[in-house]
Each structure stands twice: as structure tokens, then as C-alpha cells.
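The structure appears right after this line, and notes come after that.
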Amino acid sequence: MALLLRHSRKLQRVRGVLDCERGSIARHFSASACSTAAKEDAVSSSTVHGEYGKKVGSTGIFQDRQSGKGLHNFKVSPREARGGYNSKRMPIASTGANSLFSSGQVVLARHFSSGADLPAHEAIGMPSLSPTMTEGNIARWVKKEGDKVSPGEVLCEVETDKATVEMECMEEGYLAKIVCGDGAKEIKVGEIICITVEEEGDIEKFKDYKASSSAPAAAPAEPKPQSEPAEPKEEKKELSMSPEPKATKTEESGDRLFSSPVARKLAEDNNVPLSSLKASATKDSKKEAAAAPGLGYVDLPNTQIRKITANRLLQSKQTIPHYYLTVDSRVDKLIKLRSELNPLQDASGGKKISINDLVIKAAALALRKVPACNSSWMNDFIRQYHNVNINVAVQTEHGLFVPVVRDADKKGLATIADEVKQLALRAKENSLKPAEYEGGTFTVSNLGGPFGIKQFCAIVNPPQSAILAIGSAEKRVIPGAEGQFEVGSFMSATLSCDHRVIDGAMGAEWLKAFKGYIENPTTMLL
């Protein structure tokens, strides 16, 4: 079996490479280089010394361990050495060398430019920085053309479908060419964004470099729905091919009237003269909208996060059987506990605890108490999570972000308050890292405190099975002791559930546990 190793300025562990039963060091040549490759006495950059290879004069010779024959290296011109090599397998113009490829082989190769005028370089494509990413935007380049780059250094900031992520360099070299500059939009995963070289002197040679028009590497395929039976597909095809009145058209040119057979048949069946019909044509909806009189508007480009959020929410509403459960909880004791804890937080220099922080803690403890709601639908099975990771919905000018508080059931209120505020700040700055928004098992969305919304129904965030929508607290007059009336504060909470995972009784059980923690918040401290 052929082993493909990456060629570098320093060959490492070459002796180990030749431990194969039949080993050789060879180069692959492009079509232009192959025509001049010859079996000559010349110094090769891949000459190996030692037990399996020896240098005779200026000729690199390798010993075939079975046949004992000496195998010569090949000489190429400096021009071909700079640009003629190719990572594709090409025939080598030597019968003796070709015989080595009849069985196991070892090949040292590197990706070189396809053009003879360009030196060795590496084309870096748009990476896939999240599981759902198919394209991304360049927010800004941290490195500039000509800068030296080292492994671990940040090359640029990429706006993914989730957040803006720093893209790090993988190898040492120089940034020769930036193909997609600051603000470049909708770059497919795998599409070339920059070129790096090993030698500083090669930078100038990429001044006028343009990326190839060939298709980029295939992006991660989105999950497709289960295939339908063959018969329904055929029926759909037949229906789509069936004539419709909208498809009919007539065109008049001079004295001759042009019409389709469908139009003539329909006109004949309905006793309508063709001359009385006007030709129909498909109009571009955008042009029609733009041509509407009296409308002033501005087109705002969608960010990656807004586009992916729209697709995921649409998929959620179309594929997840939602149902909703609402409960009102009295929050007087919750408000009192918060007023007692915040002076202690101020004294210790901690963040103030909000009502939403208490809601997150109550939701996490309710999930630990009713773990069946901390699950995902996986088609053939239901996956129940051991960790309780709460996503918190944060609205920003870039779109909706849902950073995650991990193991919220095990953290104190002060820790939750600090994490939520830090995550919300980074979300608004569009600087969340993948680890800060991935891996959630349940989501909390609060429109009550910030906006005064009394009650609403949120959309389940797949692959999760539930999301809690929190409304604002309002004062109500309620019956008190001995026929008296008193005023109490009540907060609405609506649980949106995936009925495939959470049955009605199960969702009600979770809401009961949640309400118990909210109305008796001291139990959260036990």
C-alpha cells in the first residue's frame, strides 16, 4: 500500500520509510516536468544515505532490497524544480523507475503550484468552523500580505453561521497573497482565501495571483430528509409536467398568431378566440417589487447568523410537532431573595443577580429532577443528557445568539450571574467562540424583564426538545386570609415542547418542578 508523505525542506525518518519490503524515494511530476525527466547522474534533493541508499559521485542511488538493482534519481531543471511538481500522480519517464510502482511504494510529495512560473505554496481554503457551516465571511485580516506566520497565530477573523471566530495558522511560512479581503461575503467552505509560502523571496511572485475557477472543496452536506418511495416521486414528476393554464401563452407577430398547442386546445374547449388573449410572461419578483410606485425602502444585507437562524427556525416549525404549556408562578419570595443577595454581591465585588439568573438556576434544577425533558430526538432513539447545559437567548444587532451556561444545575447563583453577563457581552461584540454556544441541552428566552412582554411561545431550538419562554411579572389582587385581599406578583412561563420526546404529562411535571423552585427559591440553595 502506498504511503504518501509530505515533502519538506527537511526529510525526517527516511530510514523508517524504507523499512517497507520494497521502498523507494520518488517524485511525482507534472506533464511539463515528465517530458524532461531522465535517468541521469545528477544530485537529487531527495538523496538518501545509509543502509538502503548510497551516493556515488553526484548520483543518488537507491537499493532495491529484493532485486539488488541500483535505482537512479532524476534530474530536473531549476525551473521545473520550482514549479513543475504536482501532487497528482503522473507517469515518470523511466522504465526502471516505473517498475517500482508494481507493488508497495513510498512517495514523498508536496502540493506544488500547477503553473511553472509559481513556486511551492499552500492554498488555504475557508475552513468549516462549526458543524452547520457551509459558507462564511471574512470579518478582517489580522495578518497582512508579506507577514511571517507561525503555527497558532491568528490569520484572520471569520464570521460563521454562529459567531465571529479567529482562524489560526497551521504551519510556519509567509502570507503571500490574500485572495478574499476584509468584508468578503458568502465564501463557500473550501474556497481559497489566501496563499502561504515557505520562502520570503517567493512572496513577490504571487502579486498578481488569482484563485483557480475550479470548484472548491465540497462543503459539509446538510442532513437530508428521508428519501420518499419511488412511486410518489413519479407522481410528483407527472404532476409537474401536466399543463397548467398559467403556462399557456400566445404571441402575435404581424398577421400571424403564435400559440402553444396547450393554449390552442384550451381556447378551443372554452370557445375563446386566440386573438382576444394576451401573452403571459414570468416577471422577476424583485423587479416587480422595486417598480411598485410610492414605496420607499432600503435593503439590509443578512448576516450569517441571521440567515442560519432563519433556516433553523423554519426547519424547527416545519419538522417538530410543537405544543405549549403555560403556568403562572408567584414570584414575591423570588424578588425578596434577590434583594437580600445583591447587597452581599456588591460587598464582595460580584455581579448583581437578576431574575433571569434565578430562572436559569430553577430551570436547571427542574431538568435534573425531570431528566426526560433534558433529551433530544435522534430518529431511532431518544438521547438523554447527563449534563444540564442551559442556552440563554441574547438579542444583538447581528441577530439572535444563544450562549451556553454549562452544568448550570451544579453552579451557584453568583457564578451563573457572572457567566451570563460575560457571555451576553461577547455575543453583542460578535466574539463568541464555538465552545461558548455549542452543546446546550435546553434554552431559556426572557422577553419579560427587558421588554415587558406578558406571555409568548418560543420556537424549539433543535436538536433540543424544549425551550422556556419567560414573561414579565405583574401585580395582581388575590384573595387573602379571613376574607381579606392582598397584592401578589405573578410571572408567566410557557414551555414549548417537542411532542416526539416530551409528552404532555411529562412537560406538565417539569413545569410543576420549575414552579416549585420559583415560588420557594430557598429550596434551590439546598
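Being assigned to a loop (DSSP other than H, G, I, E, B) and open to solvent by less than 70 Å² (accessible area, probe 1.4 Å) is the filter here, so list the residues in region 200-213 that pass it.
Tyr209, Ala211
Going by the conditions given, is Asp269 open to solvent by less than 100 Å² (accessible area, probe 1.4 Å), at pLDDT below 85 and under 41 Å from the mean Cα position of the chain (by Cα)? It is false that Asp269 is open to solvent by less than 100 Å² (accessible area, probe 1.4 Å), at pLDDT below 85 and under 41 Å from the mean Cα position of the chain (by Cα). Residues in region 492-515 that are open to solvent by 10 Å² or more (accessible area, probe 1.4 Å), among the acidic types (Asp, Glu) and either touching a residue at least 12 places away in the same chain (Cβ under 8 Å) or at positive phi (or both): Glu509 only. Listed by first and then second residue, the pairs linking a residue in region 319-347 that is within 23 Å of Trp377 (Cα to Cα) to a residue that is open to solvent by 40 Å² or more (accessible area, probe 1.4 Å) and modelled with pLDDT of 95 or more, with Cβ atoms under 7 Å apart and 6 or more places separating them unless they lie on different chains, are Pro321/His499; Pro321/Arg500; Tyr323/His499; Tyr324/Cys457; Leu325/Ala508; Thr326/Gln455.
The number of residues in region 357-371 that are open to solvent by 30 Å² or more (accessible area, probe 1.4 Å) and touching a strand residue (DSSP E or B) at 6+ places or on another chain (Cβ under 8 Å) comes to 1. Among the helices (runs of 4 or more DSSP H) confined to region 304-374, the ones with at least 2 residues that are closer than 30 Å to Ser130 by Cα and basic (Lys, Arg) are located at 304-319, 355-369.
Here Leu344 does not fit the description of being over 27 Å from Pro521 (Cα atoms), among the aliphatic types (A, V, I, L, M) and open to solvent by 80 Å² or more (accessible area, probe 1.4 Å). Select from region 128-145 the residues that are open to solvent by 30 Å² or more (accessible area, probe 1.4 Å) and outside any strand (DSSP E or B) and list them in ascending order. Correct list: Ser128, Leu129, Pro131, Thr132, Thr134, Val142, Lys143, Lys144, Glu145.
Okay, residues lined up against (1) at pLDDT 95 or above; (2) closer than 21 Å to Val392 by Cβ; (3) under 40 Å from the mean Cα position of the chain (by Cα); (4) among the aliphatic types (A, V, I, L, M):
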position	(1), (2), (3), (4)
Ile459	yes, yes, yes, yes
Gln464	yes, yes, yes, no
Ala481	no, no, no, yes
Leu511	yes, yes, yes, yes
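Those strands (runs of 3 or more DSSP E) of region 387-466 that lie entirely within it include none in which at least 3 residues are touching a helix residue (DSSP H, G or I) at 6+ places or on another chain (Cβ under 6 Å) and open to solvent by 10 Å² or more (accessible area, probe 1.4 Å). Got at least one residue in region 518-526 being surrounded by fewer than 18 Cβ atoms within 10 Å (Cβ to Cβ) and either of a type in the set (Phe, Trp, Tyr) or more than 29 Å from Pro450 (Cα to Cα) (or both)? Yes, the conditions are met somewhere in region 518-526. Considering region 483-500, the residues that are more than 17 Å from Ala362 (Cβ to Cβ) and hydrophobic (A, V, I, L, M, F, W, C) include one that is modelled with the highest pLDDT, namely Cys497.
Of all residues in region 467-500, none satisfies the criterion of being within 18 Å of Asn389 (Cα to Cα) and not in a strand (DSSP E or B). Here Ala347, Ala408, Ala364, Ala435 are screened, and the one residue that is modelled with pLDDT under 95 and within 30 Å of the chain's Cα centre (by Cα) is Ala435.
The values are calculated or read from the model by the stated rules, or taken from the named source; none is laboratory data. Since the structure is predicted, the reported quantities are computational estimates derived from the model, not experimental observations. Using ideal geometry, Cβ is built from the backbone for each residue, glycine included, and neighbour counts are taken over all protein chains shown. Only protein heavy atoms, including side chains, enter the accessible area calculation; ligands, DNA and RNA are left aside. Shrake-Rupley method; radii C 1.70, N 1.55, O 1.52, S 1.80 Å.
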